[in-house]
Amino acid sequence: SPPSPAKVLVTGFEPFDGETVNPSWLAVRSLAEAPPAGVDLATAELSCVFGTAIEDLRAAVEATSPDLVLCVGQAGGRHGLTVERVAVNVDDARIPDNAGRQPVDEPVVEGGPAAYFASLPLKACVAAAREAGVPAAVSQTAGTFVCNHVFYGLAHLIATERPALRGGFVHVPYVPEQVVDRAAPSMSVRDIATGLSAIVTAALTTTTDLRVTGGATH
């Protein structure tokens with residue numbers, strides 16, 4: 001009998017900071033219309049609200065019992081897909097979230113470790129996205145806004161309650177409609193979804209990460 005499909009939960013965010021769309025959710029919806037082969041794909045749209053976003057994520061994980069979770073968020077100004085290496089235990093919001101909350105130097109999880117590494121083969125994921133024709137890189141910072149908040153919440157959930165689960169975070173650029181009036185890089189929803197599909201497949205099929213450089217000097 002064929003192997004049972006891997007259960008994968010992919011999340012995006014609602015729009016924030018005055019935007020009418022969030023490319024992360026547009027791309028996740030696009031991915032769901034044509035999921036990677038051999039994958040039982042579930043999706044969830046998270047609130048762009050501190051605290052609530054992690055509750056949304058936890059509910060989606062409990063509802064789907066996935067083998068892999070890939071959270072996706074917008075990083076306006078970045079040129080390609082960036083697979084995040086590390087989540088840090090700090091909320092430090094430059095702008096208010098969608099509920100008007102603006103925490104400064106507060107822990108995501110009181111008493112939690114300073115940071116967690118993604119449990120994804122970062123370099124293999126980047127290579128797979130590039131192989132699919134989509135610009136991609138490793139990122140050493142997921143910021144200190146709701147994206148990092150969710151990434152840390154996911155990693156903490158894995159560390160404390162779901163040791164068999166693997167997960168990580170990918171930041172994506174603006175989509176073209178968001179940059180019509182400003183000078184910033186963008187990427188089509190289709191290309192973002194193509195890159196995410198390649199990343200999901202690489203994460204599921206790679207047990208030992210590639211030993212290639214993905215570091216940054218600053």
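Would you calculate the separation in nanometres between label points at A183 and F117, each defined as 7 Å from the Cα along the Cα-to-beta-carbon direction?
Output for this residue pair reads 3.9 nm.
Please work out whether region 89-218 counts as rounded, prolate or oblate from its C-alpha gyration tensor, where a ≥ b ≥ c are the square roots of the eigenvalues and a/c under 1.5 means rounded, while otherwise a/b larger than b/c means prolate and anything else oblate?
oblate
Given P121, A155, L46, which one lies farthest toward the positive end of the charge dipole of the chain, if we put +1 on the Cβ of every Lys and Arg and -1 on the Cβ of every Asp and Glu?
Farthest along the dipole direction, towards plus: P121.
Let me test this: with uniform point scatterers at the alpha carbons of the chain, what is the Debye-based log₁₀ I(q)/I(0) at q = 0.14, 0.18 1/Å?
The Cα Debye sum returns log10 ratios of -0.79, -1.38.
Please identify the trypsin sites (Lys or Arg not before Pro) of region 59-161 that satisfy two criteria: DSSP loop assignment and at most 13 other Cβ atoms within 10 Å. Which are they?
Counting only loop positions with at most 13 other Cβ atoms within 10 Å, the trypsin sites (Lys or Arg not before Pro) in region 59-161 are R94.
Residue separation times 0.36 nm, minus the C-alpha to C-alpha distance between D40 and R162: what's the value?
42.0 nm
Could you give me the ³J(HN,Hα) list for region 160-177, computed from phi with Karplus coefficients 6.51, -1.76, 1.60 and θ = phi - 60°, whole Hz, x at Gly and Pro?
In residue order, the calculated couplings are 9, 10, 10, x, 7, 7, 10, x, x, 9, 10, 8, 10, x, 4, 8, x, 4 Hz.
Report the full-extension gain for the segment V21 to R94: residue separation times 0.36 nm, less the Cα-Cα distance, to one decimal in nm.
Result for the pair: 24.3 nm of gain on full extension.
Run the simple label-point estimate for S4 and H79 please: 7 Å along Cα→C-beta, distance reported in nm.
4.4
Given +1 on the Cβ of Lys and Arg, -1 on the Cβ of Asp and Glu, and no further charges, what dipole in debye does the chain carry about its Cα centre, rounded to the nearest 20?
So the dipole magnitude of the chain works out to roughly 720 debye.
Which of rounded, prolate or oblate describes region 1-48 when judged by the alpha-carbon gyration tensor and an a/c cut-off of 1.5?
Note, shape of region 1-48 comes out prolate.
Which one of Y174, T141, G215 has its Cα pushed farthest toward the positive end of the charge dipole of region 140-218, where Lys and Arg give +1 and Asp and Glu give -1 at the Cβ?
Highest projection toward the positive end goes to G215.
Magnitude of the Cβ-charge dipole of region 46-113, K/R +1 and D/E -1, about the Cα centre, nearest 20 debye?
Using Cβ point charges on Lys, Arg, Asp and Glu, region 46-113 gives about 300 debye.
Of the candidates V39, V90, V69, which one comes out as most mobile in a Gaussian network treatment of the chain with C-alpha springs shorter than 10 Å?
V39
For D105, what is the net charge nearby, where nearby means another residue's Cβ is under 11 Å from its Cβ and Lys, Arg count +1, Asp, Glu -1?
Here the charged neighbours net out to -3.
Coordinate-derived values only; no laboratory data. All figures in this text were calculated on a predicted structure; none of them were measured in a lab. With ideal geometry, Cβ positions are generated from the backbone for all residues, glycine too; neighbour counts draw on all protein chains shown.
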